[in-house]
Amino acid sequence: MLTTLYSPWLILLCLAVGAGYAALQYSAKAPWSRQLNYGLAALRFAVVSFLCYLLLGPFVKTTTTRTEQPTVVLAVDNSQSVELFTPKNVLSQASTGLARLAETLRGKGFTVEARALTPTPGGRRGSIRCVLAPPPLTSTACWPPPATPTKGATWPAWSCSATAS
């Protein structure tokens, strides 16, 4: 849609300025024919009206509507408390259940991402996918477990091993 920065009613003023300017320039007796005089007046009218219209700051306004499917995020709590207080078989059932749910949703056309709630270098057991690990890694075991350092202390050294798929 072609619109201007100012009111569309000002376009009528642009046309009036073009007509008035052309009438003043070509109303007197001219040394050329009457048809040429009218043609030059019409050209002057068009050019001056167009230049006035450009002063109104025209621009093209487009609206594009695009529908995107949402991303389903499976958030997995891989904190140490879940691992300590949840039986291993329940953790493995939840892990395989979430993996099946992710595959089912992908089969229906959804974009599915599994994210761990506690971002740790290399991840922990109990997480479906390590967010910080490269995609080909399926499981990562890290020792020692991460601990929050006290003020002025540094993080403990990590030694991680991973198995590739």
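Among the residues of the range 1-39, what is the count of those that are loosely packed, with under 11 Cβ neighbours inside 10 Å, under 45 Å from the mean Cα position of the chain (by Cα) and of a type in the set (Gly, Ala, Ser)?
So the answer is 1.
What is the residue count in the range 50-71 for residues that are within 17 Å of the chain's Cα centre (by Cα) and assigned to a strand (DSSP E or B)?
Selection size over the range 50-71: 1.
Restrict the check to the range 27-50 and report whether at least one residue is touching a Lys or Arg at 6+ places or on another chain (Cβ under 6 Å), farther than 30 Å from Thr63 by Cβ and of a type in the set (Gly, Ala, Ser).
no
The numbers here are math on the coordinates, done by the rules we state, and not lab data. These figures come from a predicted structure and were not determined experimentally. Cβ atoms come from the backbone with ideal geometry, glycine included; neighbour counts cover every protein chain shown.
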